[in-house]
Amino acid sequence: MARVKTGVVRRRRHKKVLKLARGFYSARHKHFRKAKEQLERSLCYAFRDRKQKKRDFRKLWIVRINAACRINAISYSRFMFGLKKAGIALDRKILADIAMHEPVAFAKIVESAKKAL
């Protein structure tokens with residue numbers, strides 16, 4: 001069999017990896033081996049953190065709602081239970097936004113939740 005040289009294929013593969021490694025620090029965007037190692041890690045982190053982002057935002061919304069509830073003299077858990085009993089179907093993202101930007105409207109929501117308890 002004839003000898004097969006990998007010049008074109010290897011260059012394409014290296015260019016593809018180095019292109020994805022743009023912006024990495026130090027040798028990790030210049031040297032193929034280091035770039036490939038870092039790229040594998042980076043893609044793992046990206047996959048993991050797409051899921052974690054959802055958890056982190058939910059935690060943030062809960063903290064914001066809880067802070068606004070405490071100002072209105074009610075705990076977070078009792079407030080959420082009151083909303084459920086009152087039939088108010090607002091998710092945590094919307095509640096956190098209302099609590100941050102419209103405290104008067106949030107106070108009215110809290111009052112309706114307290115009445116339902």
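The values are calculated or read from the model by the stated rules, or taken from the named source; none is laboratory data. No experiment lies behind these values; they were computed from the predicted model shown. Heads up, the Cβs are rebuilt from the backbone with ideal geometry, glycines too, and the neighbour counts pull from every protein chain shown. Calculation scope for accessible area: heavy atoms of the full protein, side chains included, ligands and nucleic acids excluded. Shrake-Rupley method; radii C 1.70, N 1.55, O 1.52, S 1.80 Å.
Calculate the FRET efficiency for VAL8 and ASP56 from the Cβ-Cβ distance with a Förster distance of 41 Å, rounded to the nearest 0.05.
My answer for the efficiency is 0.40.
Ignoring any ligand, DNA or RNA, what whole percent of the accessible area of the chain comes from carbon and sulfur when the probe is 1.4 angstrom? Each step should come with its number before you reach the end.
Numbers: 5420 of 9530 Å².
Ligands and nucleic acids excluded, carbon and sulfur reach 57 percent.
If ligands, DNA and RNA are left out, what is the accessible area of HIS14 with a 1.4 Å probe, given in Å² to the nearest 10?
The accessible area of HIS14 comes to roughly 50 Å².
Within straight cross-link reach of LYS108, meaning Cα distance under 30 Å, which lysines are found once same-chain residues fewer than 8 apart are removed?
Output for LYS108: LYS54, LYS59, LYS84, LYS85, LYS93.
Using a Gaussian network for the chain with springs between C-alpha atoms less than 10 Å apart, which of these wobbles most: LYS19, LYS53, LYS93?
Residue with maximal mean-square fluctuation among LYS19, LYS53, LYS93: LYS19.
For segment 56-117, what is the accessible area per residue in Å² when the probe is 1.4 Å?
Result: 66 Å² per residue.
Given R₀ = 30 Å, FRET efficiency for ALA27-HIS101 by Cβ-Cβ distance, to 0.05?
Working: r = 46 Å, r/R0 = 1.54.
Rounded to the nearest 0.05, the efficiency is 0.05.
Over the heavy atoms of VAL8, what accessible area does a 1.4 Å probe trace out, to the nearest 10 Å²?
We get 90 Å² for VAL8.
Label PHE47 and LYS34 with points 7 Å out from Cα along Cα→Cβ: what is the distance between them in nm?
For the pair PHE47/LYS34, the computed spacing is 2.5 nm.
How far, in degrees from 0 to 90, does helix 76-86 lean away from the longest principal axis of the Cα atoms of the chain, to the nearest 10?
Its long axis makes an angle of about 70 degrees.
So how tilted is helix 103-116 from the main axis of the chain? Cα-based, degrees 0 to 90, rounded to 10.
60
Could you pull the accessible area for LYS54 with a 1.4 Å probe, rounded to 10 Å²?
140
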